Amino acid sequence: MKTMQIFNFPISVGKYQDYIEYIMDSASNGTSQYIYVANVHMVVEAFWNKSFSEKVRHAGLVTPDGKPLTWALRLLHGIKQDRVAGMDVLPALLKRSEKMETPVYIYGGTETLLSRTQNYLDSNYPDLCIKGLYSPPFRDLTPDEEERTIERINSSGAKLLFVVLGCPKQEQWMANMAGKINAVMIGIGGALPVMIGMQKRAPRWMQNAGLEWLFRLFLEPRRLFKRYFVTNSVFLYLLSRELVKKTFSRSFETHEMN
């Protein structure tokens, strides 16, 4: 899919359904690649961290999860882009996987989360081919543990791997697993607990207004205040800077033409 840049951060652009088709086609072909579901936090993380920025550039797809990213694409490039949120993509992919008999695997999260996920999937996607759900240790894996994890997932035959480790840990992990795990990997972060009812999602009007982050902040103020305060401020600064540069560039071109 075509990509456009936001502060040197590549975003895949297209219609919502194009992303679903791309992911499912890649899974059917047995492609080993990773998909990033990008929000403001990820964009700022890539701006600060060159190593992480490089991983983003090698992703098979980078979807515009956050509403502010769709606004930035419109302001900077004049593109009216669909929002492709993980909370919408996850159930869509599960539905398509059930229909297409695509085997799936879920990696990450707590034992409690995965237990409730299993019950939810059994009730809502009874024909889904679930090859495994695994809660890894909440620490870096040893080389032996990593090899066993790769073997466990590959031997399962899963073609679509949902990773639930949180940003940017899940994105780092997927990039390290590219070419090792024979599946399409997609980081779904907080989408899974929302889907199964462990957490609430913001009302539709807040989603449309780009205020879903504020709803989450109300739910988890201690954990998220610093993150949102810093990343949102940096994102607004970077966007303002790009808009000023764009305005001056246009003014200069107009002056040159005259």
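A short reminder: the numbers here are calculations on the coordinates, not readings from a lab. What you see is a predicted model, and the numbers here were worked out from it, not measured in a lab. We place every Cβ from the backbone using ideal geometry, glycine too, and count neighbours over all the protein chains shown.
Compute the semi-axes of the equivalent ellipsoid of the range 143-258, taking the square root of 5 times each eigenvalue of the Cα gyration tensor, and list them largest first in whole Å. Working shown, then result.
Working: eigenvalues 286, 115, 38 Å².
Values for the range 143-258, descending: 38, 24, 14 Å.
Sort ILE6, ILE130, ILE186 so the one with the fewest other Cβ atoms within 10 Å of its own Cβ comes first.
Ranking ILE6, ILE130, ILE186 by Cβ neighbours within 10 Å, fewest first, gives ILE130, ILE6, ILE186.
What is the chain's relative contact order, in percent, from Cα pairs under 8 angstrom and six or more apart in sequence? The normalised contact order for the chain reaches 23 percent. Counting beta carbons within 10 Å around each of LYS50, LYS99, LYS67 and listing the fewest first gives the order LYS50, LYS99, LYS67.
Step by step: find N for the range 1-103, compute 2.2 N^0.38 Å, then divide the Cα radius of gyration by it. What's the final number?
1.07
Largest GNM mean-square fluctuation across ALA92, ALA209, ALA191, computed for the chain with C-alpha springs under 10 Å, falls on ALA209. Model label points for TYR237 and SER135, set 7 angstrom from Cα along the Cα-to-Cβ axis, are 3.9 nm apart. Derived from the Cα gyration tensor, the three semi-axes of the equivalent ellipsoid of the chain are 33, 20, 18 Å, largest first.
Adding -39500 (n - 2.57) for every DSSP H run of four residues or longer, then dividing by how many residues the chain holds, sets the calculated 222 nm ellipticity at -18000 deg cm²/dmol.
When each of TYR105, TYR237 is scored by the number of other beta-carbon atoms lying within 10 Å, the sequence from fewest to most is TYR237, TYR105.
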